[in-house]
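Structure first, then comments.
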Amino acid sequence: MSNAINQSLAQTEISVPHRVASILLALLLGACAKPEPAPPVAAPQPEPKLPPVIIAPAVPKAKKSGPIPTRPLNVKADCIFRDEAGYSGSMKLAIERARVRSFEASINVPRRGNCSFDLKDFRQTRDLPNVELNHLRDRCIVRVWEQGERVTVAFQQCQKMCSGSAWEGLWPILTDTRDGTCA
């Protein structure tokens, strides 16, 4: 048995130096080896150049038109109008300091009929901010108001003032205050 122990010790002595040598050799070879190249690092990119900011000179803002001033309406018109579709008519209108002095209108609506208005059939119920005429025996209302250089004469619920179905195609009459023309 002592032989077996001696052999085992001899193998252990040989194998320990062998193992140490193997480890040293591995370390030595590892130190001599070239390292793997590191992944490429992106070079810092220069910041993109933005176009220069140009500051435009201040442009004055357009004035917003304010409310139409409340003032007594003054208008005089004696006009005849006609459009390319055959819609035609005439109007006489005189308003002084928001009081209606005369009003007569006759409108022909093609293929529908005619509408007629006369001041004697109306009474004035309002003068400011717009003029309003109410029919004496009907629901018909005629309103007159100013918008800049134009005066609008509009009709509401005036079926009985019209023949046929003309009231369905009845449009407001626009009058130019500078020359009394209308459309």
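The values are calculated or read from the model by the stated rules, or taken from the named source; none is laboratory data. This one's a predicted model, so the numbers in the text were calculated from it and none came from an experiment. So basically every Cβ, Gly included, is an ideal-geometry build from the backbone, and we count neighbours across all protein chains shown. The accessibility values were calculated without ligands, DNA or RNA, using every heavy atom of the protein model including side chains. Shrake-Rupley method; radii C 1.70, N 1.55, O 1.52, S 1.80 Å.
What to note about this one:
- In the stretch 91-102, the residue that is surrounded by the most Cβ atoms within 10 Å (Cβ to Cβ) out of those that are closer than 20 Å to H135 by Cβ and without any contact (Cβ under 8 Å) to a residue 40 or more places away in the chain is A98.
- Of the strands (runs of 3 or more DSSP E) lying entirely inside the stretch 77-151, the ones with 3 or more residues being more than 39 Å from the chain's Cα centre (by Cα) are found at 88-96, 99-109, 113-118, 122-126.
- Within the stretch 160-171, the set of residues being surrounded by 15 or more Cβ atoms within 10 Å (Cβ to Cβ) and of a type outside the set (F, W, Y) comprises M161, C162, A166, G169, L170.
- Counting only residues that are open to solvent by 40 Å² or more (accessible area, probe 1.4 Å) and touching a residue at least 24 places away in the same chain (Cβ under 8 Å), the stretch 128-145 holds 3 of them.
- Qualifying residues in the stretch 146-159 (those that are among the hydrophobic types (A, V, I, L, M, F, W, C) and under 14 Å from V75 (Cα atoms)) - the one surrounded by the most Cβ atoms within 10 Å (Cβ to Cβ): V151
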